[in-house]
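Below is one structure, written out as structure tokens, with a few remarks after it.
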Amino acid sequence: MSTNKTAASLFTAICVSFATSAQAEMPHKDLSMERHAENALMQPVKDVNLRKDQIPEKLLAVQNHPYDLENMRGCRALEAEITQLDELLGPDINQLQEKSLTEKREQGVSRVAGAMIGGLIPFRGVVRELSGANAAKRRFLEAIAAGNARRSFLKGVAVTKGCLTAPQPRVLALAYNFQGF
């Protein structure tokens, strides 16, 4: 019995140390396999709200006023702001986001492992709601949405002022192998 308590205490201590020291990842970042594994192992810690995704300061700043043009005088200011948002948010929706086969596999393994580990928590949805983990995730996603809205708005302003050329529409190609699926 004491061995189980010791193991549980050790696991909790490790999770808490990871929770306080690990930096949040923005969704577009390519991660190493080790980071994917760590994210999967940390899922229960996120579920009980001991680890939250930190919202970048820039996204917090634009969240309340995504359509503000104060201090956006000239093309340089617009382009600088768009570049900052690109670095935080990753490629815009009309930009190709090609990933290597290895990265796709690692992400898939990470998602499956995270779901399996997260499945160990009984009544996970209730736990996430009561612990505040769902609310924290919603705040994180709202900040990302505000950042995307600001970037889109600024790109529209920049195109209107002649600072940027209008982006080309993204063409989706269907890839079927008609000689067999």
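The values are calculated or read from the model by the stated rules, or taken from the named source; none is laboratory data. If you're wondering where the values come from, they're calculated on a predicted model, not measured in any experiment. Positions of Cβ are backbone-derived with ideal geometry, glycine not excepted, and every protein chain shown enters the neighbour counts.
Mind listing whichever residues of segment 97-110 are surrounded by 14 or more Cβ atoms within 10 Å (Cβ to Cβ) and within 26 Å of GLU142 (Cβ to Cβ)? Working first, answer last.
Kept after step one, since they are surrounded by 14 or more Cβ atoms within 10 Å (Cβ to Cβ), are these residues of segment 97-110: 103, 106-107, 109-110.
Within segment 97-110, GLN107, SER110 qualify.
How many of the residues making up segment 62-73 are surrounded by fewer than 10 Cβ atoms within 10 Å (Cβ to Cβ) and either under 19 Å from PRO167 (Cα atoms) or not basic (Lys, Arg) (or both)?
Filtering segment 62-73 down to residues surrounded by fewer than 10 Cβ atoms within 10 Å (Cβ to Cβ) leaves 64, 70-71, 73.
Among the residues that remain, those that are also either under 19 Å from PRO167 (Cα atoms) or not basic (Lys, Arg) (or both) are: 64, 70-71.
Qualifying residue count for the region: 3.
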For the condition closer than 27 Å to LYS46 by Cβ, surrounded by 11 or more Cβ atoms within 10 Å (Cβ to Cβ), hydrophobic (A, V, I, L, M, F, W, C) and touching an Asp or Glu at 6+ places or on another chain (Cβ under 9 Å), what is the one hit in ALA135, ALA146, ALA158? ALA135
Can you tell me which residues in segment 107-141 are more than 26 Å from ASP86 (Cβ to Cβ), touching a residue at least 40 places away in the same chain (Cβ under 8 Å) and of a type in the set (S, T, N, Q)? SER131
Scanning for something part of a helix (DSSP H, G or I) and more than 21 Å from the chain's Cα centre (by Cα), does segment 62-76 turn up at least one residue? yes
Suppose the filter is under 30 Å from GLY162 (Cβ atoms), touching a Leu at 6+ places or on another chain (Cβ under 8 Å), surrounded by 11 or more Cβ atoms within 10 Å (Cβ to Cβ) and in contact (Cβ under 8 Å) with a residue 24 or more places away in the chain; does LEU89 pass it? no
Close pairs from segment 55-76: first under 13 Å from VAL157 (Cα atoms), partner in a loop (DSSP other than H, G, I, E, B), Cβ under 7 Å, at least 6 apart: CYS75/LYS161; CYS75/CYS163
Residue that is modelled with pLDDT under 80, crowded, with 16+ Cβ neighbours inside 10 Å and either in a loop (DSSP other than H, G, I, E, B) or of a type in the set (Lys, Arg) (or both), where the choices are ASN49, ASN94: ASN49
So which pairs qualify, if the first residue must be in segment 149-169 and without any contact (Cβ under 8 Å) to a residue 12 or more places away in the chain and under 17 Å from PRO91 (Cβ atoms), the second must be among the small types (Gly, Ala, Ser) and part of a helix (DSSP H, G or I), the Cβ gap must be under 8 Å, and the two must be at least 6 apart or on different chains? none
Please give the number of the condition GLY90 fails out of (1) over 20 Å from the mean Cα position of the chain (by Cα); (2) on the phi > 0 side of the Ramachandran plot. (1)
From the set of residues in segment 52-61 that are in a helix (DSSP H, G or I) and either touching a Cys at 6+ places or on another chain (Cβ under 8 Å) or of a type outside the set (A, V, I, L, M) (or both), which is surrounded by the most Cβ atoms within 10 Å (Cβ to Cβ)? LYS58
List every residue pair whose Cβ atoms sit under 8 Å apart, with the two residues 6 or more apart in sequence or on different chains, where the first one lies in segment 95-106 and is farther than 30 Å from ALA166 by Cβ and the second, anywhere, is at pLDDT below 75 and assigned to a helix (DSSP H, G or I). GLU106/MET33; GLU106/HIS36
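Looking at THR83, THR102, which is the one that is assigned to a helix (DSSP H, G or I), modelled with pLDDT under 90 and not small (Gly, Ala, Ser)?
Only one candidate passes the filter, namely THR102.
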